[in-house]
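The values are calculated or read from the model by the stated rules, or taken from the named source; none is laboratory data. What you see is a predicted model; the values in this text were computed from it and never measured. Ligands, DNA and RNA are excluded from the accessible area calculation, which covers all protein heavy atoms including side chains. Shrake-Rupley method; radii C 1.70, N 1.55, O 1.52, S 1.80 Å.
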Amino acid sequence: MSVEMKVLEKAIEAKDFTFLARKLVEKLQEVGWTDEDIATMAEKLAAAAGKG
């Protein structure tokens, strides 16, 4: 298992959602997502989380 995956697993175990969100944003930007795309997705996720 890669070091990056081990770090992500530790962040999940620690419920470090800020770190995980930053990593997700980095990856989305690498594949071409714009800041607007990311913000829209974040709003949708927040809305969905509020329903649960």
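Cross-chain or 8 or more residues apart, Cα under 24 Å: how many lysine pairs in the chain fit that? Count them up, please.
11
Solvent-accessible area per residue for the chain at a 1.4 Å probe radius, Å²? Show your work: numbers first, answer last.
On the way: 4430 Å² over 52 residues.
That works out to 85 Å² for each residue.
With the full set of protein chains in place, find how many percent of the accessible area of the range 2-52 is carbon and sulfur; take the probe as 1.4 Å.
Details: 2600 of 4280 Å².
On the range 2-52, the fraction of accessible area on carbon and sulfur atoms equals 61 percent.
If I require 30 Å or longer along the helix axis, counting alpha carbons, and a Kyte-Doolittle average no lower than 1.0, what helices from the chain are left? Use full DSSP H segments. Don't skip to the answer; put the middle values down first.
Numbers: long enough: none.
Taking the DSSP H segments of the chain (at least 30 Å long, mean hydropathy at least 1.0), we get none.
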